[in-house]
Amino acid sequence: MKYEIIKQKVNSWEGLSFIFVLFVTLPCMYILLHLLDKPNENWYHIKTFLLKDYIINTLKIAVFTGIFTMITGTTLAWLIAAYDFPFRKFFKWSLILPLTVPPYIAAYTYSGIFNYTGVVQRFLRDTMKMTLDPNAFDIMSIKGTIFIFTVFLFPYVYMITRSFLEKQSAALIENARLLGKSSISIFIHVILPISRGAIVGGTSLAILEVLNDFGVVSYFGVQTFSTAIFKTWFSMGDTSTAVKLASMLMFTVLIVLVIEKWLRGRKRYSYTTAKVRSIVLVELKGIKAIGAFLYCFIILSLGFIIPLLQLSSWGFLTYKKVLNLKFIEMMFNSIWLAVVAAIFIIVMSVVIANFSRMNSHWISKAFSKISIFGYSIPGAVIAIGVILLMVSIDRSMVGLYKAINPNSKTLILSTSVFMLIFAYIIRFLAIGYQAVEAGFDKIGMKFFEASRTLGYTVTKTFFKVDLPMIRPALISGLALVFVDIIKELPLTLILRPFNFNTLATKTYEYAGDEKIHEAAIPALIIILVSIVSVYLINKIGNKEKK
């Protein structure tokens with residue numbers, strides 16, 4: 001009975017949802033279709049001499065980053081959720097800040113810090129009068145890559161696990177203590193088992209970011225699937241081989257998602273009483289308090305304070321050279337691209353999420369799953385799929401182009417900004433969708449059903465009732481999507497029109513030309529935008545809690 005009223009006028013929402021989901025799936029379908037292309041000499045060469053290195057390097061970086069982010073994020077989450085020590089409240093929110101520094105910017109910064117003329121070697125050589133082996137400070141390796149990813153991606157694990165632990169009952173910890181268990185034993189035998197889902201979820205996000213990355217591995221000269229796709233596409237102009245490498249990367253992502261599902265398991269933990277008390281903080285004193293403070297401070301320094309200070313120093317030296325009309329134009333490009341794409345994403349997310357909550361059919365569940373799948377696909381893979389799709393559309397519409405303008409180019413969509421916005425929508429739809437879905441979950445269906453009973457249509461109910469109530473979720477989703485698009489590098493590098501730059505691509509170009517100091521200003525603006533977005537989301541979250 002509950003859904004009979006809803007289904008009468010759900011057709012327009014269903015139709016739009018179907019169109020939006022089709023947009024998300026088409027590029028991946030084009031990649032699968034091109035897998036049937038006959039292999040060429042480039043593919044055989046890569047398969048024989050290079051493919052093994054791509055697989056081993058990619059797996060090494062993903063596995064070790066996963067392990068170290070899991071350890072760092074989980075231990076920090078447990079410290080903040082269960083103990084009280086000096087500056088705990090400051091660290092609670094500031095440990096999220098490393099996520100505002102894109103890993104490729106961190107790679108350029110730490111390379112500059114540790115190279116021969118960097119602050120570390122100069123201090124040891126000139127001030128401490130030490131004789132140094134420059135190779136000992138070489139961070140441009142697989143080990144350095146893992147370090148960068150760990151220090152700047154651990155907040156994924158930290159945020160999700162801390163949020164989970166803060167909602168746990170104090171009775172679990174107190175009962176373990178009554179049984180004589182030590183803090184370490186409680187952490188291993190109680191906290192880790194109940195937090196497994198949250199820990200694995202955060203770790204999988206970090207690993208997916210590693211697989212998506214191009215900037216760090218490219219700058220450090222590490223051969224992975226991402227660098228291989230870029231090389232075959234840009235250097236060789238070989239679509240067929242790039243598609244095959246992209247499909248292998250997609251298969252790797254699928255394995256990660258399957259492993260995540262398996263590691264989460266089917267275990268569920270529920271309370272045996274309706275009286276649930278939050279974890280009571282244990283005050284640390286003496287050496288333990290100092291140890292907790294230093295651990296948090298060192299991680300925060302490595303992931304945020306040190307790179308921010310170094311970039312600020314470089315920016316002060318080069319701002320007169322970098323800040324000009326071209327830079328303002330580039331900044332405008334970044335902002336309007338991110339705003340337009342973010343608005344499209346939020347609108348699409350609202351349509352799909354509203355349809356999914358109004359309909360319990362398997363189709364709505366499928367739409368929901370497909371909407372969040374794009375974020376798990378690396379940017380290089382999405383870029384290739386979008387290019388193949390847009391070139392195919394352009395070829396089929398040449399007649400129309402010529403009819404409108406006889407002097408028209410044959411490639412219009414595939415050389416325009418539209419292609420880049422389309423790729424952003426596919427990649428980041430999941431972020432907007434999850435924010436909107438969370439907003440709908442909070443308001444439930446009671447107000448919707450009451451409005452429908454009073455004779456309002458589904459659409460009128462949405463604008464009059466649902467939209468005002470989910471406004472905080474929409475703003476949070478918009479901010480999250482906006483900052484992710486500002487930071488995005490692989491998609492923008494491949495799909496941007498000729499001579500079209502954003503803050504991310506200009507930072508990459510400066511670093512690639514060994515102009516590390518000049519890269520500081522666009523990098524600082526990206527970080528500043530990210531910090532403002534994090535502050536906005538945190539403020540909205542605090543208001544909702546109150």
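Does Ile298 satisfy the condition of being at pLDDT below 95 and either under 29 Å from Val151 (Cβ atoms) or in contact with a Pro (Cβ under 9 Å, 6 or more places away or on another chain) (or both)?
Values: at pLDDT below 95: no; either under 29 Å from Val151 (Cβ atoms) or in contact with a Pro (Cβ under 9 Å, 6 or more places away or on another chain) (or both): yes.
Answer is no for this residue.
May I ask you to list the residues in segment 215-256 that are hydroxyl-bearing (Ser, Thr, Tyr) and surrounded by 24 or more Cβ atoms within 10 Å (Cβ to Cβ)?
Filtering segment 215-256 for residues hydroxyl-bearing (Ser, Thr, Tyr) gives 218-219, 224, 226-227, 232, 235, 239-241, 247, 252.
Residues satisfying the conditions are Thr224, Ser226, Thr241.
Being touching a residue at least 40 places away in the same chain (Cβ under 8 Å) and surrounded by fewer than 18 Cβ atoms within 10 Å (Cβ to Cβ) is the filter here; which residues of segment 60-74 pass it? Step through it out loud before you land on a result.
Here is the first cut: in segment 60-74, the residues touching a residue at least 40 places away in the same chain (Cβ under 8 Å) are 60-62, 64-66, 68-70, 72-74.
The answer is Lys60, and nothing else.
If you go through segment 89-127, how many residues are within 30 Å of Val190 (Cβ to Cβ) and either outside any helix (DSSP H, G or I) or without any contact (Cβ under 8 Å) to a residue 12 or more places away in the chain (or both)?
Our first condition is that a residue be within 30 Å of Val190 (Cβ to Cβ); within segment 89-127, this holds for 89-99.
Retained after the next criterion (residues that are either outside any helix (DSSP H, G or I) or without any contact (Cβ under 8 Å) to a residue 12 or more places away in the chain (or both)): 89-90, 95-96.
Qualifying residue count, segment 89-127: 4.
Just checking, does segment 358-373 include any residue being of a type in the set (A, V, I, L, M) and within 20 Å of the chain's Cα centre (by Cα)?
Restricting attention to segment 358-373, the residues satisfying the condition of being of a type in the set (A, V, I, L, M) are 358, 363, 366, 370, 372.
From the residues that got through so far, the ones that are within 20 Å of the chain's Cα centre (by Cα) too are 370, 372.
Within segment 358-373, one or more residues are of a type in the set (A, V, I, L, M) and within 20 Å of the chain's Cα centre (by Cα).
Among the residues in segment 533-543, are any over 21 Å from the mean Cα position of the chain (by Cα) and assigned by TED's automatic domain parsing to the domain that holds Val350?
Going through segment 533-543, the residues over 21 Å from the mean Cα position of the chain (by Cα) turn out to be 542-543.
From what's left, assigned by TED's automatic domain parsing to the domain that holds Val350: 542-543.
Within segment 533-543, one or more residues are over 21 Å from the mean Cα position of the chain (by Cα) and assigned by TED's automatic domain parsing to the domain that holds Val350.
The values are calculated or read from the model by the stated rules, or taken from the named source; none is laboratory data. Predicted model only: the values in this text are computed from it and were never measured. Every residue, glycine as well, gets a Cβ built from its backbone with ideal geometry; the counts of neighbours run over all protein chains shown.
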